[in-house]
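Asks: Starting off with a structure, shown below.
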Ligand code: GLN
């Protein structure tokens, strides 16, 4: 039977003719059908994936050079445009929308020989932490299907957890790659803001959004990042900084040694006590291994979630105004004479409750009487956080914290108040507020049997340091 360990091993097996791309695609198509109850995929591009596999197998047989992602079977979150394919942001408002062009990041994968196997379920417009906000039903955690997989990229995380594809591509505005990775026991990487082009990524909050990667090994995440990162004439906010070879950097094994953690993150009353104990034990262990680990005061912890939700809802209310039933999106079937009524009815029918809440909240914080009290204040806090981050990384290489304060919760459990759900983002939103890279790696298991991760962050554009530290941490866990 086909088994996937890493892209490198898969390529070795392809070259040795022990396996074919067709066998790989067949394996994943069977897996997706066998696990249909998880609701991880909204659509599977079965025929197309088989045709791509066929053509890759024959080009390899002819001796053609293999791309970096030759035959790598990848699932993409339903917020990434892929020309000629539906993309709905898991919303009714875009139910029958077909992408007119391909996201630059997706194109980069295809250009290196990747096979796109389908689009993955998520929270509507990437707003949520449990995948319960999808208009197409929740995704279930493969380890315990009464629990959530996390969100918003829940389908993408479960796809790695349940082996429905080799790599998933998600998006992370405030934790949507790292939090579901933590809940599902897989790796989730959010690169620096601007490391990967956002062209063709349906916008939620443009100054926070970043495409991210789910994988089972750090080496795979590094390789996929290398392929997707870099300048792009279609995104003016993407960095022009050259892309280092993350793969080579990993091989050099230059593990950063100066580590910090914010004391308040581990003292937070919302943190599960066992997760606290295990994270502290891990810190002791790091010190014994020769790392310098310092506890740093961080008085702004309680400001993170409010600042994040003021700014992201403001940006969302502006970004989502294009879905009005005229320019874009679902239009009500009712005949209405008044244009405002037509907008209202179409948007009421098309948007789910959480998306409506955020548009309202965002419009409120941007409104004339409240702009300075909320939006301007939040911008000031964001600047303060950036300054503090620059100071921190002048002395330290790596910042660590838990990824989420609790392991995966039950479906429906965290749903009674939206603020409860928002507060669970306490550890992840920081990296998006200041634009630094962050990764969640599955280091721990709770006594209730659920996995949980360690979050690792570094200075902006120091993905090499981040990945080297993460790879070392994963290897020492195995040892
Ligand atoms: N849970 C956060 C939110 O709902 C993060 C979402 C994301 O990263 N896309 O906004």
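Asks: What is the distance in Å between the Cα centres of the range 163-180 and the range 407-427?
Replies: 18 Å
Asks: Hey, another quick one. What length, rounded to one decimal in nm, is gained on full extension from residue 299 through to residue 66, with 0.36 nm per residue of separation minus their alpha-carbon distance? If you can, show how the numbers build up before the last one.
Replies: Details: separation 233, 0.36 × 233 = 83.88 nm, distance 5.08 nm.
78.8 nm is the gain from fully extending residue 299 to residue 66.
Asks: Just to be sure I understand the model, the point goes 7 Å from the Cα along the line to the Cβ. What's the resulting residue 245 to residue 258 distance in nm?
Replies: With each label placed 7 Å out from Cα toward Cβ, I get 2.8 nm.
Asks: Defining a contact as two alpha carbons under 8 Å apart and six or more residues distant in sequence, what relative contact order in percent does the chain show?
Replies: Values: 1044 pairs, mean separation 79.9, N = 479.
Value for the chain: 17 percent.
Asks: Between residue 376 and residue 9, how high is the FRET efficiency from 1/(1 + (r/R0)^6) when r is the Cβ-Cβ distance and R₀ = 56 Å? Nearest 0.05.
Replies: Working: r = 52 Å, r/R0 = 0.93.
Between residue 376 and residue 9 the formula returns 0.60.
Asks: Rounded if a/c is under 1.5, else prolate if a/b is larger than b/c, else oblate: which is the range 335-479, with a ≥ b ≥ c the root eigenvalues of its Cα gyration tensor? Show your work: numbers first, answer last.
Replies: Values: a/c = 2.79, a/b = 1.60, b/c = 1.75.
Here the range 335-479 falls in the oblate category.
Asks: As a test, work out the antiparallel percent of DSSP beta bridges whose residues both lie in the range 1-153, rounded to the nearest 5.
Replies: Working: 4 of 9 bridges.
So the antiparallel bridges in the range 1-153 amount to around 45 percent.
Asks: Using a/c under 1.5 as the rounded threshold, could you call the range 223-330 rounded, prolate or oblate? The axes a ≥ b ≥ c are square roots of the C-alpha gyration tensor eigenvalues, and prolate needs a/b larger than b/c, oblate otherwise. If you can, show how the numbers build up before the last one.
Replies: Numbers: a/c = 2.94, a/b = 1.36, b/c = 2.17.
Judged from the Cα gyration tensor, the range 223-330 comes out oblate (a/c at least 1.5, b/c at or above a/b).
Asks: A further question follows. Antiparallel as a % of all DSSP beta bridges within the chain, to the nearest 5?
Replies: Values: 29 of 45 bridges.
Within the chain, antiparallel bridges account for around 65 percent of the total.
Asks: Just to confirm my numbers, what's the Cα centroid distance between the range 446-479 and the range 317-359 in Å?
Replies: First find each Cα centre; the distance between them is then 42 Å.
Asks: Then there is this: Rank the residues 387, 9 as a footprinting-exposure proxy: fewest other Cβ atoms within 10 Å of their Cβ go first.
Replies: On the way: 387 10, 9 14.
Fewest to most other Cβ atoms nearby, the residues stand as 387, 9.
Asks: State the Cα centre-to-centre distance between the range 67-128 and the range 367-402 in whole Å.
Replies: Cα centroid of the range 67-128 versus Cα centroid of the range 367-402: 32 Å apart.
Asks: Looking only at the range 228-258, which residues have a backbone nitrogen under 20 Å from a spot 7 Å from the Cα of residue 101 in the C-beta direction?
Replies: From the range 228-258, the list is 228-240.
Asks: Another question, then. Distance in nm between label sites at residue 413 and residue 446, each 7 Å beyond Cα in the beta-carbon direction?
Replies: Distance between the two pseudo-spin positions: 0.6 nm.
Asks: Percent relative contact order of the range 200-243, based on C-alpha pairs within less than 8 angstrom and at least six residues apart? It would help to have the intermediate numbers written out before the result.
Replies: Values: 21 pairs, mean separation 9.8, N = 44.
That works out to 22 percent.
Asks: Pull out the extension gain between residue 383 and residue 59, defined as 0.36 nm times the separation in residues minus the alpha carbon to alpha carbon distance; nm, one decimal. Walk me through the intermediate numbers first.
Replies: Details: separation 324, 0.36 × 324 = 116.64 nm, distance 5.14 nm.
Result for the pair: 111.5 nm of gain on full extension.
Asks: Can you give the calculated 222 nm mean residue ellipticity of the chain, where each DSSP H run of n ≥ 4 adds -39,500 (n - 2.57) and the sum is split over every residue, rounded to the nearest 500 deg cm²/dmol? Working shown, then result.
Replies: Values: 17 runs with 193 residues, N = 479.
Calculated at 222 nm, the ellipticity per residue is -12500 deg cm²/dmol.
Asks: Tell me whether the range 381-455 comes out rounded, prolate or oblate; compute the Cα gyration tensor, take square roots of the eigenvalues as a ≥ b ≥ c, and use a/c under 1.5 as the rounded threshold. Could you put the intermediate results ahead of the total?
Replies: Values: a/c = 3.80, a/b = 1.52, b/c = 2.51.
Here the range 381-455 falls in the oblate category.
Just so you know, all these numbers are worked out from the coordinates, no wet-lab data involved. Worth saying up front: this structure is predicted, and the values here are computed from it rather than measured. Using ideal geometry, Cβ is built from the backbone for each residue, glycine included, and neighbour counts are taken over all protein chains shown.
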